[in-house]
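Participant: The following block contains the structure, expressed as structure tokens.
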Amino acid sequence: IRRHQNMSVLPKAALVKRIFILRPDNLGDLVLFSGALKPIRRQWPEAKITLCVRPLGMELFRHCPYVDELASYDEVRNVVLGQGRLPWMPRMRGSDRLGGWLRKRAPHLVFWPYRTELALLPIISPTSEYHLMMRMIPARTKIGVYGNVANQTPEWNENSRHWYTAQMDASGLPWNFPEMAATRKFLEFLGISVSEEDLWPVLWTAPEDAT
């Protein structure tokens, strides 16, 4: 298992061309996370940033200037964790069973629709499903959070560690630790120094909404 507090594994900004942020939260948590996108963009100004959210969050970030692409969590999840044949497989007898087998036994053969070098899961207490999603992302560097078991079992918390390059240790934080404070800690773990005022929620509107 790779050491999870050694952030020397984080690639240099110039080498990161694509970033995938997995944030399939409820709408309220997404609003509180919105202020983090500007400092992430500032840290990696040349990278293509893909933000993966549930459909209810797509409209919230549709006009965000710090995100290049939005991905529907439900659609991506259906590809990598769903049932039946994989999108690249021909329709034939046994393809549904083979697709399920490949997802479990050979995840590297599952087509991942978004190329990336750096995958981030900035959630203080991820679920087992979120861990599985991170496992399936073919990124060289994967950063997450370890230690908070409010939404996962201790077994999942421990057994999923080898799927990450590095994880922020949240074991000493209470289950109800403030969302913006947690985001600030995660950004600092990435080497991004911000104040809580810098992370104030932001709502973006279309140009025509200003008239």
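The values are calculated or read from the model by the stated rules, or taken from the named source; none is laboratory data. This structure is a prediction, so every number in the text was calculated from the model and none was measured. Note that each Cβ is placed from the backbone with ideal geometry, even for glycine, and that neighbours are counted across all protein chains shown. For the accessible areas, the whole protein counts, side chains as well, though only heavy atoms, and no ligand, DNA or RNA atoms are used. Shrake-Rupley method; radii C 1.70, N 1.55, O 1.52, S 1.80 Å.
Participant: Ignoring any ligand, DNA or RNA, what whole percent of the accessible area of segment 118-211 comes from carbon and sulfur when the probe is 1.4 angstrom?
Facilitator: That fraction is 52 percent.
Participant: Once both labels are modelled 7 Å past Cα along the beta-carbon direction, what's the Ser193-Arg135 spacing in nm?
Facilitator: Simple spin-label model gives 3.9 nm for this pair.
Participant: Keeping all protein chains in place, calculate the accessible area per residue for segment 143-192 (probe 1.4 angstrom), answer in Å².
Facilitator: Here the residues of segment 143-192 average 45 Å² of exposed surface.
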